[in-house]
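To keep things clear, I will list the structure first and then write my remarks on it.
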Amino acid sequence: DDISAAAAAMVARWDARPDGATIDVDAEMMQVALEIVGKTLFNLDLRHEAPEMTEGVLEMLAYVVYRAKAMVAPPISWPTGRNRRYRAAMAKLEGVLYDAIGARRAEGSDQGDILSMLLAARDEDTGEGMSDTQIRDEMATLIIAGHETVASALTWAWHLLAQHPAARAELEAEVDEALGGRMPTADDLPALPYTRMVFEETLRLYPPAWLITRRALAADRIGDATIPANAIIIMSPYVTHRHPLFWPDPQAFEPRRFAPEATAARPRFAYIPFGGGPRLCIGDSFALMEGPLILAAVAQRYRLDGDATQLPQMDALVTLRPRGGLHMKATKRN
C-alpha cells in the first residue's frame with residue numbers, strides 16, 4: 001500500500017505540470033524510491049526531505065567510488081571541496097536518522113517496523129541494546145541500498161521503453177486492461193506478467209549492482225586459474241548477463257526472455273542481478289514488487305520520451321547511473 005501511495009503522489013506531482021513538460025526521470029525515481037523505503041522499513045515520512053537526501057546519497061556514493069579509485073586521497077578531515085560536500089551530505093542523512101531514533105526512543109512504542117526491531121534487539125550474552133550509532137548505521141545501509149538500486153533500474157527501464165515502442169505498447173495494453181485507470185496494488189501483480197518481464201529484462205541489461213565481490217573460503221581452481229584462500233573474487237552481472245551462450249542476441253531488449261518457460265530453461269546463475277547464495281540481496285522480493293508497481297502506475301497515465309539523438313551516457317559508479325540524469329518528456333496518455 002505504501003508503494004502504491006508513493007507512486008500516486010509522484011504522478012499527482014506530474015499532473016500539476018504542463019502536459020509534455022520535461023522531467024528528470026532519474027531524480028523522480030530516486031525520490032519515490034526513497035519515500036517508499038523510508039515509509040515501509042522505518043515508518044518515516046520523507047516526502048519533504050527526499051529531494052535533498054537523494055542528492056546527498058549520490059554525493060556520498062560518488063565519494064566512495066572516488067576513494068576506491070584514487071591512488072592517494074586526502075584525509076576526510078581536510079577541507080577540500082569534495083570532502084566538504086561529502087560531510088554536508090552525511091550530516092543531512094545523519095540528522096534525519098538520529099531525529100527518528102530519538103523520537104522513537106522517546107515514544108517507547110513498537111510500530112512493527114525495522115526501526116522498532118532494532119531498538120528492541122538485545123545481545124544474547126550481555127542483554128545490551130544497540131547504540132544510536134549502531135542503529136544509525138543499520139538504517140543508513142538499508143535506506144541507501146534499498147532505494148538507489150531500484151531507482152537506477154526504473155530509470156533505465158523508461159529509457160529502454162522509449163527506445164522500443166512495440167514493447168512499450170504491449171506494457172501499456174497490459175496495464176490498461178488490468179487496472180482500468182486505478183493505481184496498482186500488490187494484488188494486481190499476477191495480472192501484470194509482462195510488466196514484470198520488462199523490469200527483469202532491464203535488470204539484465206542494466207544491473208544496478210554491476211560488480212559483486214566474494215571471498216574464497218579455501219584455495220580453489222577454476223579452469224587454468226588458481227584461486228588462493230581468502231582471495232577476493234570480482235564478478236560482473238553486467239558481463240554475465242550478456243554471455244551469448246545463455247542470452248541469444250544479448251544486447252537486444254527482449255522482455256519475453258523472462259517468460260516462465262524461458263527462465264526455467266536457463267542455469268540459475270546466468271542471471272544474478274541480486275547476487276546469489278547465502279548472501280543473496282535481502283531486498284530481492286521487495287524490488288521485484290516495487291519495480292513493476294511503479295512501472296504500471298506511471299505507464300497507465302504517462303508516456304515518457306527522450307531525445308533519440310542524445311542517448312544517455314552510463315557512469316559505472318556504485319550502481320549504473322545515467323550521467324547528468326535522464327531528461328524525458330512526460331506526455332499524458334488518453
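Residue count for region 303-320 under the criterion of being under 20 Å from H164 (Cα atoms) and either surrounded by 20 or more Cβ atoms within 10 Å (Cβ to Cβ) or not hydroxyl-bearing (S, T, Y) (or both): the result is 11.
Of the numbered criteria (1) under 26 Å from V37 (Cα atoms); (2) crowded, with 17+ Cβ neighbours inside 10 Å, the one T213 fails is (2).
Filtering region 321-334 down to residues that are part of a strand (DSSP E or B) and open to solvent by 60 Å² or more (accessible area, probe 1.4 Å), which residue is farthest from L154 (Cα to Cα)? Result: K332.
Quick one: would you say E177 is acidic (D, E) and within 20 Å of the chain's Cα centre (by Cα)? No; evaluated as a whole, the condition is false for this residue.
Taking (1) acidic (D, E); (2) open to solvent by less than 60 Å² (accessible area, probe 1.4 Å); (3) more than 26 Å from L142 (Cα to Cα) in turn, E201 satisfies each apart from (3).
Which count do you get for residues in region 232-257 that are outside any loop (DSSP other than H, G, I, E, B), closer than 24 Å to C281 by Cβ and in contact (Cβ under 8 Å) with a residue 12 or more places away in the chain? Result for region 232-257: 9.
Inspect region 241-256 for any residue being at pLDDT below 95 and of a type in the set (D, E, K, R) and give the result as yes or no. No, because not a single residue in region 241-256 is at pLDDT below 95 and of a type in the set (D, E, K, R). Cβ-Cβ contacts under 6 Å between residues 6 or more apart (or on different chains), taken from a first residue in region 276-296 that is loosely packed, with under 11 Cβ neighbours inside 10 Å to a second residue that is among the basic types (K, R) and outside any helix (DSSP H, G or I), are absent.
Any idea which residue in region 118-143 is farthest from E28 (Cα to Cα), counting only those that are part of a loop (DSSP other than H, G, I, E, B) and among the charged types (D, E, K, R)? Selected residue: D125. Of P79, P74, all but one fail to be open to solvent by less than 60 Å² (accessible area, probe 1.4 Å) and not in a helix (DSSP H, G or I); the exception is P74. Restricting region 233-274 to residues that are hydroxyl-bearing (S, T, Y) and within 24 Å of L317 (Cβ to Cβ), the residue that is most open to solvent (accessible area, probe 1.4 Å) is Y238. Looking only at region 110-150, residues that are within 19 Å of E35 (Cα to Cα) and without any contact (Cβ under 8 Å) to a residue 60 or more places away in the chain come to 7 in all.
Taking (1) under 28 Å from R321 (Cβ atoms); (2) out of contact with any Pro (no Cβ under 9 Å at 6 or more places or on another chain) in turn, Y194 satisfies each apart from (2). Of all residues in region 193-231, those that are among the polar types (S, T, N, Q), outside any loop (DSSP other than H, G, I, E, B) and without any contact (Cβ under 8 Å) to a residue 24 or more places away in the chain total 2.
Look at L44 and say whether it is surrounded by 20 or more Cβ atoms within 10 Å (Cβ to Cβ) and in a loop (DSSP other than H, G, I, E, B). Spelling it out, L44 is indeed surrounded by 20 or more Cβ atoms within 10 Å (Cβ to Cβ) and in a loop (DSSP other than H, G, I, E, B).
The single condition among (1) open to solvent by 40 Å² or more (accessible area, probe 1.4 Å); (2) of a type outside the set (A, V, I, L, M); (3) closer than 26 Å to Q31 by Cβ; (4) without any contact (Cβ under 8 Å) to a residue 24 or more places away in the chain that E107 does not satisfy is (3).
Give the residue that is surrounded by the most Cβ atoms within 10 Å (Cβ to Cβ), with candidates limited to residues of region 160-192 that are in a helix (DSSP H, G or I) and touching a Phe, Trp or Tyr at 6+ places or on another chain (Cβ under 8 Å).
Once the filter is applied, the top-ranked residue is L171.
Of the candidates G146, G102, the single residue that is assigned to a helix (DSSP H, G or I), within 22 Å of the chain's Cα centre (by Cα) and either at pLDDT below 95 or exposed (fewer than 12 other Cβ atoms within 10 Å of the Cβ) (or both) is G146. Of the numbered criteria (1) open to solvent by 40 Å² or more (accessible area, probe 1.4 Å); (2) within 25 Å of V318 (Cα to Cα); (3) touching a residue at least 12 places away in the same chain (Cβ under 8 Å), the one R87 fails is (3).
The values are calculated or read from the model by the stated rules, or taken from the named source; none is laboratory data. Nothing here was measured: the structure is a model prediction, and the numbers come from that model. Here Cβ is always computed from backbone atoms with ideal geometry, including for glycine, and neighbour counts include all displayed protein chains. Remember, those area values only see protein heavy atoms, side chains included, never the ligands or the DNA or RNA. Shrake-Rupley method; radii C 1.70, N 1.55, O 1.52, S 1.80 Å.
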